[in-house]
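Student: Shown below is the structure under consideration.
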Amino acid sequence: MGSLIPASQTQGPQAILVGGSAGASEVVSLVLGALPADFATPIVVVIHLPRHRPSALAGALGGKCRLALREPLDKEPLAPATVYLAPPDYHLLIDPGPSFALSVDAPVNFSRPSIDVLFRSAAHVLGPGCAGVLVSGASPDGAHGLRAIQQAGGLVAIQDPNDAAQAAMPEAARALCPDAPILSAQGISQWVQQLSAWQTSPRRGAI
Amino acid sequence: MSGEFDIELPLLLEAIHRKYSYDFRSYAISSLRRRLEQALEHFGCRSLSALQERVLREPEVMRGLLAHLTVQVSEMFRDPSFYLVLRQQVVPYLRTYPSLKLWIPGCATGEEVYSLAILLREEGLLDRSIIYATDINPEALRKAEAGIYELDRIADFSKAYCEAGGRGSLSDYYTAGYNAAVFDKSLRQGVLFSDHSLATDSVFAEVQLVTCRNVLIYFDRVLQDRAVALFRDSLCRKGFLALGAQETLAFSIHAAEFSEFVREEKIYQRR
């Protein structure tokens, strides 16, 4: 597989954002399981979940993941080699720092956490310094946020709707981001790995 | 577009502060931005400058904007495990005081106030308690004082009440009307609903418990420190501070002035 990173990108992301809903945890588990323990870029995951806490997601994803994995606290700074899971019944946002912010504002797209809320705040605060990917899900949440990341200059990718357990979320994303790469679950895994490899050894021409 | 927004934002907050004394200048930026984007849409304003023009000249626009900037969505007995721990581990301490004062800052529309009042009633403490329920939004305070909630929310509230160790049925405490549940007014006999700002006001009473859950998440770290200092100065020695599930004193300059009482539920005790 060739490089998935366009030559116009000169700097690696400060955070990789992953959104999904029904059918997403298998994909996310695959992506996280393939990452080395020293994967530098913080990863932030929003998967729509039942509201009660503690969430079962950390247990479900944690088994195969070599990175630290936790639900962020309010104002916690993003740290390397860590996967952050949006806590149930809160919106998760990125504030300048970058650090995490939480909110109990009304659900968006019937969801709290909402992927759009995270992606839009990250696009605003990190600009081209964030990368976003949307995977399987039965809701249109996240599509506007993904477009916001793209418009801010960040890299985006979408799981191939034919490869996803639920096509609605990737379909909605493709409609709003028609030029985003459409990748299989395996492809997304490689895409994420390239993002960090490229950050640790910047290509020629990078400042 | 976003560049102009970032220029206009501090100007609007300054204008609101000067004209109405509401201080949002130290609110956490990303949530504030979301709420203002929604307000722009609601008021049909093209920009924050356009909104500022109206806010300065039309007080009713400020009232509407206040709702956008402050309203959070809470539930009765949100996080039942917190209320269970409060009942089992904090109430035994509260029982030792001949009279109790408790403070719920940022009480919004009162779900937490009634949750606490019911818990205290069931523990036989409500009659000797004063609960200060404060907020900056007068409309929210009016709703809190009315104690009327949509009937379709009650099933969730009831379930949470049971999980929180409720001793009876939530329906013991309300009368169902057409589309709403009206909570028993005896629950708020000892509740003082009042305007108070964590950003601009000061200490007003000595209390044994402050429960301020999911309010500080809307503040930046400087304002959080101010609020936590108010809590510290309001609490008696060994008094309790309860925060929301994802909130922590770990990043506060006042962290050392509290000890963790029940870590998992974010209940702290003043040293």
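Laboratory data are not the source of any read-out in this text; all were calculated from the coordinates shown. Predicted model, so just to flag it, every value in this text is computed and none were measured. Note: ideal-geometry Cβ built from the backbone for every residue, glycine included; neighbour counts use all protein chains shown.
Student: Give the residue from B:114, B:92, B:50 lying farthest towards the positive end of the charge dipole for region B:48-138; charges sit on Cβ (+1 for Lys and Arg, -1 for Asp and Glu) and the dipole is referred to the Cα centre.
Tutor: Positive-most Cα among the choices belongs to B:92.
Student: Under 5 Å between amide H atoms, partner at least 5 residues away or on a different chain: which partners does residue A:94 have, H built in plane at 1.01 Å?
Tutor: Here the answer is A:101, A:121, A:122, since their amide H atoms fall under 5 Å of that of residue A:94.
Student: From the phi angles alone, apply the Karplus equation (6.51, -1.76, 1.60; θ = phi - 60°) to region A:22-38 and give each ³J(HN,Hα) in whole Hz, x where the residue is Gly or Pro.
Tutor: 4, x, 7, 5, 5, 5, 5, 4, 4, 5, 5, x, 8, 8, x, 5, 9
Student: Can you compute 3J(HN,Hα) from phi for each residue in region B:210-217, using the Karplus curve 6.51 cos²θ - 1.76 cosθ + 1.60 with θ = phi - 60°, rounded to whole Hz and x for Gly and Pro?
Tutor: Each residue's phi maps through the Karplus curve to give 10, 10, 9, 9, 6, 10, 5, 4 Hz.
Student: In Å, what Rg and Dmax follow from the Cα atoms of region A:100-190?
Tutor: Looking at region A:100-190, its Cα Rg and Dmax stand at 12.5, 35 Å.
Student: At R0 = 60 Å, how high is the FRET efficiency between residue B:20 and residue A:162 if r is their beta carbon distance? Nearest 0.05 is fine.
Tutor: 0.65
Student: With Cβ to Cβ distances under 9 Å as the rule, what net charge do the other residues near residue B:160 carry (K, R +1; D, E -1)?
Tutor: Here the count lands on -2.
Student: Once phi is turned into θ = phi - 60°, what whole-Hz ³J(HN,Hα) does the Karplus curve with 6.51, -1.76 and 1.60 give for every residue of region A:185-194, x standing for Gly and Pro?
Tutor: With coefficients 6.51, -1.76 and 1.60, one gets 4, 4, x, 5, 4, 5, 4, 5, 4, 5 Hz.
Student: Can you give me the pair-distance distribution of the protein assembly as shown, C-alpha pairs, 20 Å bins, whole percents?
Tutor: Spelled out per bin, shortest first, that is 23, 52, 23, 1.
Student: Separation of region B:22-47 and region B:130-199 by C-alpha centroid, Å?
Tutor: 28
Student: Something else now. May I ask you to list the lysines whose Cα is less than 27 Å away from that of residue B:185, ignoring any residue fewer than eight positions away on the same chain?
Tutor: Hits, sequence-local ones excluded: B:101, B:143, B:159.
Student: Please tell me the relative contact order of region B:174-271 in percent, rounded to the nearest whole number, where contacts are Cα pairs under 8 Å and at least six residues apart.
Tutor: Dividing the mean separation by the residue count of region B:174-271 yields 24 percent.
Student: Do the sum for chain B: with -39,500 (n - 2.57) for every DSSP H run of n ≥ 4, divided by all residues, what is the mean residue ellipticity at 222 nm, to the nearest 500 deg cm²/dmol?
Tutor: Theoretical 222 nm ellipticity from helices: -12500 deg cm²/dmol.
Student: Going out from 0 in 10 Å bins, what whole percent of all Cα-Cα distances in chain B drops into each bin?
Tutor: Result, from short to long distances: 7, 29, 33, 22, 9, 1 percent.
Student: Rounded to the nearest 5, what is the percent of antiparallel bridges among the DSSP beta bridges in the protein assembly as shown?
Tutor: Percent antiparallel among DSSP bridges in the protein assembly as shown is about 35.
Student: I would also like to ask the following. In region A:16-39, which residues have a backbone nitrogen under 13 Å from the label point lying 7 Å from residue A:138's Cα in the Cα-to-Cβ direction?
Tutor: The answer is A:21-24, whose backbone nitrogens lie closer than 13 Å to the label point.
Student: Compute the distance in nm between two label points, each set 7 Å from the Cα along the Cα-to-Cβ direction, one at residue B:96 and one at residue B:162.
Tutor: With each label placed 7 Å out from Cα toward Cβ, I get 3.5 nm.
Student: Could you tell me how many degrees, from 0 to 90 and to the nearest 10, lie between the Cα long axis of helix B:59-70 and the main elongation axis, the longest principal axis, of the Cα atoms of chain B?
Tutor: 50
Student: Multiply the residue gap between residue B:260 and residue B:237 by 0.36 nm, knock off their C-alpha separation, and tell me the result in nm, one decimal place.
Tutor: Length gained between residue B:260 and residue B:237: 6.9 nm.
Student: Now, a different point. Using modelled amide H (1.01 Å from N, peptide plane; none on Pro or chain starts), what sits under 5 Å from the amide H of residue A:142, excluding residues fewer than 5 places away?
Tutor: Residues meeting the criterion, in which the H sits 1.01 Å from N, are A:115, A:116.
Student: Under the rule of at least 5 residues apart or a separate chain, name every residue whose amide H is placed under 5 Å from the amide H of residue B:244.
Tutor: B:214, B:215
Student: Taking every DSSP beta bridge with both residues inside region A:15-199, roughly what % is antiparallel (nearest 5)?
Tutor: 25
Student: Can I ask one more? Considering only DSSP beta bridges whose two residues both sit in chain B, what percent are antiparallel, to the nearest 5?
Tutor: 45
Student: Here is a follow-up. 7 Å from Cα along Cα→Cβ at both residue B:202 and residue B:250: what's the point-to-point distance in nm?
Tutor: Label at residue B:202, label at residue B:250, 3.4 nm between them.
Student: To the nearest 20 debye, what charge dipole does chain A have about its Cα centre, counting +1 at the Cβ of each Lys and Arg and -1 at the Cβ of each Asp and Glu?
Tutor: 300
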